[in-house]
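Contents: one structure, followed by commentary.
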Amino acid sequence: MRAVVLGSAAGGGVPQWNCGCQVCRLAWAGDKRVRPRTQSSIAVSANGEDWLLVDASPDIRQQIMDTPVLRPIDNIRHSPIAAVLVTSGEVDHIAGLLGLRERHSFSLFGTTDTLDTIEQNAIFGVIGKDLVTREAVKVDHSFTPVPGLEVTLVPVPGKVPLWREDEPLRLGEETESTVGVAISAAGKRIVYAPGCAASSTRLRETIAGADLLLFDGTFWKDDEMITSGAGSKTGRRMGHMPMSGPDGSMMALADISIGRRVFIHINNTNLALVEDSAERAAVDAAGWTLAYDGMTFAL
């Protein structure tokens with residue numbers, strides 16, 4: 001099984017187009033301590049020919065250009081991308097579907113909640129149903145989106161997408177609005193959870209024994225958006241548990257047996273993005289790694 005990190009940042013990427021926070025200032029200045037990052041997505045394959053795209057980032061065109069295994073080969077209207085799985089209806093997870101509209105056949109998977117969200121927005125009608133099948137997947141049920149990969153969706157504590165927050169807001173509940181993904185092939189297992197508001201028994205059971213964990217690394221601190229001046233909400237209010245602190249992900253998942261621990265979906269305000277920062281040193285010391293665009297794994 002091969003996996004490629006197409007994008008490793010949270011919504012807006014690094015640097016964010018309209019941000020002058022401490023991290024973005026370094027990135028804008030070309031400081032080598034901060035890698036530019038596009039918005040989060042991964043691609044996974046068991047045979048190197050048929051690829052599953054997990055989340056469709058708004059940066060999808062650039063990500064395909066930067067990833068040779070996803071480029072078209074010879075034929076007009078060809079792509080190694082055989083299926084797309086979306087983990088939520090957040091803009092940074094589904095907007096890239098609009099960039100995949102040029103008459104290429106693939107299967108689109110997601111929970112009923114997420115696919116209904118897409119169906120209700122008329123702009124996604126440009127993705128022709130005569131070529132792109134939409135297949136609703138039940139949580140906790142395995143399916144095979146591309147040859148050789150067995151995939152299971154697992155609800156994780158989260159919330160509805162930002163643009164649906166006029167609905168009754170249910171923070172931290174395990175619903176179909178936000179899911180993690182367990183991907184297995186040839187006895188190896190990857191767990192991908194780019195959005196998670198808290199630890200839970202089901203999450204811990206899913207993560208246990210994984211060969212590779214790609215987990216929500218959006219914020220270093222819960223009040224990061226507030227203290228940086230970038231926003232008024234806490235991380236958990238936005239559906240993301242922080243990395244640090246007694247109830248952060250590094251502590252909460254420390255006792256679980258995992259092959260490799262990697263943070264993904266990292267926000268532009270997160271000081272762990274600065275390679276010589278105290279925050280990055282703490283991440284390294286805890287046995288974690290920060291994902292970067294183009295990072296590859298062979299399992």
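The values are calculated or read from the model by the stated rules, or taken from the named source; none is laboratory data. This is a predicted model, so every value here is computed, not measured. Don't worry about glycine lacking a Cβ; one is built from the backbone with ideal geometry, like all the others, and counts go over all protein chains shown. The area values use the complete protein model at the heavy-atom level, side chains included, leaving out ligands, DNA and RNA. Shrake-Rupley method; radii C 1.70, N 1.55, O 1.52, S 1.80 Å.
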At a probe size of 1.4 Å, how large is the accessible area of K138, to the nearest 10 Å²? 140
Pull out a ≥ b ≥ c, the square roots of the eigenvalues of the alpha-carbon gyration tensor of segment 167-299, then state rounded if a/c is under 1.5, prolate if not and a/b is larger than b/c, and oblate in the remaining case. oblate
As a test question: what accessible area, to the nearest 10 Å², does D66 have when a 1.4 Å probe is rolled over all protein chains in place? 100
Would you work out if the chain is rounded, prolate or oblate? Take a ≥ b ≥ c from the square roots of the eigenvalues of the alpha-carbon gyration tensor; rounded if a/c is under 1.5, else prolate when a/b is larger than b/c, oblate otherwise. rounded
Rounded, prolate or oblate, given the Cα gyration tensor of segment 1-114, with a/c below 1.5 counting as rounded? prolate
At q = 0.24, 0.25, 0.28 Å⁻¹, work out log10 I(q)/I(0) for segment 184-223 with the Debye formula, treating every Cα as an identical point scatterer and leaving solvent out; two decimals please. -0.86, -0.90, -1.03
Just to verify a number: what accessible area does W220 come out at with the full protein assembly present, 1.4 Å probe, Å² rounded to tens? 40
Among the lysines, which fall within straight-line cross-link reach of K233, defined as a Cα-Cα distance under 22 Å, with same-chain neighbours fewer than 8 residues apart omitted? K159, K221
Suppose a student asked you for the relative contact order of segment 203-299, using Cα pairs under 8 Å spaced at least 6 residues apart; what percent would you report? 31
Solvent exposure ordering (accessible area, 1.4 Å, most first) of Y292, Y192: Y292, Y192
Over what distance in Å are the Cα centres of segment 259-292 and segment 19-76 separated? 18
Mean-square fluctuation maximum in Gaussian network of the chain, Cα pairs under 10 Å, restricted to V44, V91, V156, hits V91
Could you please put S41, S79 in sequence from largest to smallest accessible area, using a 1.4 Å probe? S79, S41
Once the other residues with Cβ under 14 Å from the Cβ of Q63 are scored (Lys, Arg +1; Asp, Glu -1), what is the net sum? -2
Accessible surface of the chain, 1.4 Å probe, proportion on carbon and sulfur as whole %: 51
Over the chain, relative contact order from alpha-carbon pairs under 8 Å, at least 6 apart, %: 20
What accessible area per residue, rounded to a whole number of Å², is obtained for the chain using a probe radius of 1.4 Å? 42
If each DSSP helix of 4+ residues adds -39,500 (n - 2.57) and the sum is divided by the residues in the chain, what number results at 222 nm, nearest 500 deg cm²/dmol? -3500 deg cm²/dmol
